[in-house]
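These notes concern the structure reproduced below.
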Amino acid sequence: MPPYRTIASNEEPLNDIKDIIENGLVKDLFQAERANYLIQAINERVQDVNDTSRGNFGIFFGTIQSYTINELILSISRIYDQRKKSFETRCLDALLQKLDMIKENPPKIQQYNQLYEYLESNKIYDLLMCIDNDKDFIADLFNYIRANHNNNQKIICSLKSWRDKKIAHNDKFIVKEVSSLTLKDCHLLLEFPKKVITIIGWAYLNTGYGVKNDYFLSSDSKRSSIALKRLISKLY
């Protein structure tokens with residue numbers, strides 16, 4: 001992982017943070033959640049769609065599920081990608097770099113009350129305790145993101161092995177990490193970016209992505225699965 005650096009002006013890194021959030025994490029999280037809900041919708045009616053005496057649509061829904069699993073893996077992998085000098089990847093690691101660059105000259109918190117309520121509701125007490133000190137808050141935010149990222153390294157490794165060995169390449173040797181990855185693991189990796197996006201949105205972007213335990217865009221990502229459930233209900 002390349003070293004971070006600190007700069008005096010925070011305008012450019014703040015613009016980069018906004019870009020990473022809006023055009024990176026938010027979009028990838030939306031696509032991952034949409035795929036996850038579609039997979040769940042098919043799983044809920046798996047016996048019906050696989051019943052050959054009732055239309056024989058199993059192969060169709062199996063194909064959809066196969067594509068959505070790939071979409072889920074790829075979207076989450078982009079969120080947990082590693083930044084590289086040669087690529088401006090919009091990922092959590094790139095976000096950490098931009099936060100580190102402005103920690104000596106941090107911006108003021110934009111939506112104090114909304115941020116306070118969100119941190120309190122989600123029991124993120126380490127950040128709540130330093131919310132009145134801009135330098136301490138951004139330093140603890142950096143540590144909070146990095147610690148959670150590091151704590152999930154085993155699952156992230158399995159995720160990236162799946163991406164590299166089953167999607168990007170047709171690898172003859174499938175490592176143990178690939179077979180151990182579950183949808184529950186993917187769901188766990190989806191929850192943390194929601195908190196990061198919402199915290200930074202209230203703190204620095206003057207944008208609301210969630211309140212309490214509600215991430216606003218999750219309801220939008222369910223729309224395709226709701227339509228799919230209606231279709232399955234008409235068929236069965």
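The values are calculated or read from the model by the stated rules, or taken from the named source; none is laboratory data. Just so we're clear, the structure is a prediction, and the values are computed from it rather than from any experiment. Virtual Cβ from ideal backbone geometry, glycine too; neighbours counted across all protein chains shown. Areas reflect the complete protein model, heavy atoms only, side chains present, ligands, DNA and RNA absent. Shrake-Rupley method; radii C 1.70, N 1.55, O 1.52, S 1.80 Å.
Observations on the structure shown:
- Cβ-Cβ under 9 Å pairs, at least 6 apart or on other chains, the range 217-236 side within 19 Å of Gly62 (Cβ to Cβ), far side open to solvent by less than 40 Å² (accessible area, probe 1.4 Å) and charged (D, E, K, R): Ile232/Asp48; Leu235/Asp48; Tyr236/Asp48
- Of all residues making up the range 185-216, the number that are under 14 Å from the mean Cα position of the chain (by Cα) and without any contact (Cβ under 8 Å) to a residue 60 or more places away in the chain: 6
Let's see how each residue does on (1) assigned to a helix (DSSP H, G or I); (2) not β-branched (Val, Ile, Thr):
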position	(1), (2)
Ile156	yes, no
Trp162	yes, yes
Ile167	yes, no
Phe173	no, yes
Phe192	yes, yes
Thr198	yes, no
Thr207	no, no
Lys229	yes, yes
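- Qualifying positions in the range 134-167 - within 18 Å of Lys194 (Cα to Cα), open to solvent by less than 30 Å² (accessible area, probe 1.4 Å) and more than 18 Å from the chain's Cα centre (by Cα): Ile138
- Residues being within 18 Å of Glu12 (Cα to Cα), part of a helix (DSSP H, G or I) and either touching a Cys at 6+ places or on another chain (Cβ under 9 Å) or open to solvent by 30 Å² or more (accessible area, probe 1.4 Å) (or both) - total across the range 86-126: 1
- If you go through the range 168-216 and keep only what is at pLDDT 90 or above, among the hydrophobic types (A, V, I, L, M, F, W, C), surrounded by fewer than 17 Cβ atoms within 10 Å (Cβ to Cβ) and farther than 24 Å from Asn151 by Cβ, you end up with Val211, Phe216.
- Taking the range 13-29 as the range and being open to solvent by 60 Å² or more (accessible area, probe 1.4 Å) and either among the aliphatic types (A, V, I, L, M) or within 18 Å of the chain's Cα centre (by Cα) (or both) as the test, the residues that pass are Lys18, Glu22, Asn23, Lys27.
- Residue check, Gln82 modelled with pLDDT under 95, assigned to a loop (DSSP other than H, G, I, E, B) and open to solvent by 60 Å² or more (accessible area, probe 1.4 Å): yes
- Test set (1) modelled with pLDDT under 95; (2) open to solvent by 60 Å² or more (accessible area, probe 1.4 Å); (3) in a helix (DSSP H, G or I) - Asn56 fails condition number: (3)
- Test: Ile131 is open to solvent by less than 40 Å² (accessible area, probe 1.4 Å) and of a type in the set (Val, Ile, Thr): yes
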